[in-house]
């Protein structure tokens, strides 16, 4: 019960930025002695501090209480591979330090993990923050996982990566609580906290990753929280079947959306259309094709229209299934994909839904991706405990 009351008081202070004890009592409906005792403990732990005085209304001048954001810190990791991004944030989610590495694709599984560990140790050392001030490590991981157990079941782009007890490995190395979740969910969490604070509780975040093994992920924010399914693998949009007679996908299905609209497959189809064009080798990504389309090339425009159509169909299925009114297109090329899919998406949903659907471009930059994992750690730290009554 004490932990539950502490949770109420602490989150009340966080929500209000600065607040008096009397207002905490009113908002939490706890007794004044209970609130005073909790505030005393939080102050002794340096989590809460006296930040000033409220407006004078007679009698004793009321003291304002605020969260000491720099009392503790969270570590966040965005394990995309080959890029691995890391950040340290304070309790408000403000980035203190961020770094990243790009791992050689020829490295073994153990070498990849060791490279990440060494980079993380360097970042912690450079931050100058004592280990006792870190409250945990959050990891946004690609591939299939059992999030609660901290086990990474499979990462298709790393052939020998199977059933890795990643949580155990990280915890043994750093001695901190470790939390894992799907990488797109972590991107969506950061987007929500930073840029979607005034949006509806229900929205879909479509994260489109570029690169040699591009991914198309989805995170669903439903009734005020993200839904991950039993193991954290819910909403694998990239493996929605678009063409039942399509090419085999490494996941075991056929005609998956990633095969139809993922960057490497799109580039390959486009180069096949070009045939013997000597400039074909210069085409490395969706942006190159888009530049040619803007220059008036018919083949480039046709390929991009196909991409928009496939994405529009896939996302429309999600919108119709959940009755959504907001879709966020995230990733470094979010604005480009927004232009490709917007009309196709609206065309593939019911007319009465089309006018209500708000499609927006995500604002989260790549260097901010690990911040979602920092928020995951902070949320766990302030999480309301389960009470056995």
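Considering every residue within segment 28-49, establish whether at least one is modelled with pLDDT under 95, touching a helix residue (DSSP H, G or I) at 6+ places or on another chain (Cβ under 7 Å) and either within 23 Å of residue 160 (Cβ to Cβ) or in a strand (DSSP E or B) (or both).
Yes, some residue in segment 28-49 is modelled with pLDDT under 95, touching a helix residue (DSSP H, G or I) at 6+ places or on another chain (Cβ under 7 Å) and either within 23 Å of residue 160 (Cβ to Cβ) or in a strand (DSSP E or B) (or both).
Only one of 321, 311, 345 is assigned to a helix (DSSP H, G or I) and within 23 Å of residue 271 (Cα to Cα). Can you tell me which?
Criteria check complete, one pass: 311.
With the structure loaded, tell me whether residue 125 is crowded, with 16+ Cβ neighbours inside 10 Å and either in a helix (DSSP H, G or I) or modelled with pLDDT of 95 or more (or both) or whether it fails that test.
no
Would you say residue 283 is at negative phi and touching a strand residue (DSSP E or B) at 6+ places or on another chain (Cβ under 9 Å)?
no
Determine which single condition residue 29 fails, assuming it passes every other condition in (1) surrounded by 19 or more Cβ atoms within 10 Å (Cβ to Cβ); (2) on the phi > 0 side of the Ramachandran plot.
(1)
When you scan segment 153-195, how many residues do you find that are closer than 28 Å to residue 94 by Cα and in a strand (DSSP E or B)?
5
From the list 113, 84, exactly one residue is in a strand (DSSP E or B) and either assigned by TED's automatic domain parsing to the domain that holds residue 154 or touching a residue at least 12 places away in the same chain (Cβ under 8 Å) (or both). Which is it?
One residue alone meets the criteria, 84.
Scan segment 201-247 for residues that are under 19 Å from the mean Cα position of the chain (by Cα) and surrounded by fewer than 15 Cβ atoms within 10 Å (Cβ to Cβ) and jot them down.
Those that are under 19 Å from the mean Cα position of the chain (by Cα) and surrounded by fewer than 15 Cβ atoms within 10 Å (Cβ to Cβ): 201, 222, 223, 224, 225, 227, 229, 230.
If I go through segment 309-367 residue by residue, how many of them are on the phi > 0 side of the Ramachandran plot and either in contact with a helix residue (DSSP H, G or I) (Cβ under 7 Å, 6 or more places away or on another chain) or crowded, with 16+ Cβ neighbours inside 10 Å (or both)?
Going through segment 309-367 one residue at a time, the tally reaches 1.
I want to confirm something. Restricting to segment 248-268 and keeping residues that are without any contact (Cβ under 8 Å) to a residue 40 or more places away in the chain and surrounded by fewer than 16 Cβ atoms within 10 Å (Cβ to Cβ), which single residue is nearest to residue 210 (Cα to Cα)?
Looking at the filtered set, the residue picked out is 268.
The values are calculated or read from the model by the stated rules, or taken from the named source; none is laboratory data. Predicted, not measured: the structure shown is a model, and the values here were computed from it. Cβ sites come from the backbone with ideal geometry, for glycine too, and all protein chains shown count toward neighbours.
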